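Please treat every number below as a calculation from the coordinates, not as lab data. Predicted, not measured: the structure shown is a model, and the values here were computed from it. Reconstructed Cβ throughout: ideal geometry from the backbone, glycine too, with neighbour counts over all protein chains shown.
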Amino acid sequence: MNSEAGAGGPARAVPSPDRRFWINTVSLDHVEAAIQGGFTQADHGAGTRLRRPRPGDEMVFYSPRTNLRGGEPVRQFTAWATITGDKPYQAYVSDEFQPWRLAVTFHACERVDAKPLVDQLSFVTDPAHWGLPFRRGLFPIPRQDFLTIAAHMVPREDTR
């Protein structure tokens with residue numbers, strides 16, 4: 001990844017042309033747990049789609065709600081990570097739940113409301129129903145869509 005400095009602003013990461021870009025739709029509470037653990041999950045812990053991202057790919061997390069089983073609406077891009085794991089691994093959470101995860105490095109950034117960006121995102125084909133594409137869970141997006149979202153996710157100092 002290269003760096004690009006804006007006028008008077010901090011250097012911003014510019015992805016290499018061979019990288020792929022992803023949206024992962026995840027409730028906010030699960031995003032916060034993933035940030036603490038340095039991993040991502042998809043499809044409620046299933047491993048199938050996690051085999052698609054490669055090390056160096058970029059992933060933006062969209063959170064529709066505060067938690068999986070309801071909660072308050074969020075509708076924001078809530079995190080950004082770079083894939084670091086070569087392949088998914090299975091984690092033990094409980095006897096009933098052993099989700100598949102993929103190692104990532106999260107970038108400290110601000111959350112951003114999604115709705116003001118939908119007219120600029122090519123994967124949103126119907127602005128009146130802009131939330132529908134996110135129901136796919138983990139899905140690839142074009143490089144330009146990633147750059148549009150990332151440009152609004154202002155870097156911040158990590159306060160953890």
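Some observations on this one:
- Each residue, ARG54 and GLN144, gets one label point 7 Å from its Cα in the Cβ direction; the gap between the two is 2.3 nm.
- Ranking of ARG20, ARG143 by count of other Cβ atoms within 10 Å, fewest first: ARG143, ARG20
- Measure of compaction for the chain (Cα Rg per 2.2 N^0.38 Å): 1.01
- Length available on full extension from LYS87 to THR66: 0.36 nm per residue minus the Cα-Cα distance, which gives 4.8 nm.
- Per residue of the chain, the DSSP helices (runs of n ≥ 4 H) give a summed -39500 (n - 2.57) that works out to -3500 deg cm²/dmol at 222 nm.
- The ranking of ARG135, ARG101, ARG75 by Cβ neighbour count inside 10 Å, starting from the fewest, reads ARG135, ARG75, ARG101.
- Overall dimensions of the stretch 90-159, expressed as equivalent-ellipsoid semi-axes from the Cα gyration tensor (√(5λ), whole Å, largest first), are 27, 19, 11.
- Considering only ALA91, ALA150, ALA114, the mean-square fluctuation computed in a Gaussian network model of the chain, springs between alpha carbons under 10 angstrom, is largest for ALA91.
- Under DSSP loop assignment and at most 10 Cβ neighbours within 10 Å, longest GluC sites (Glu not before Pro)-free interval of the chain: 1-95
- Calculated FRET value between VAL154 and GLU32, using beta carbons and R₀ = 22 Å, to 0.05: 0.75
- Once the Cβ-Cβ distance of ASP43 and THR105 is raised to the sixth power relative to R0 = 22 Å, the FRET efficiency obtained is 0.55.
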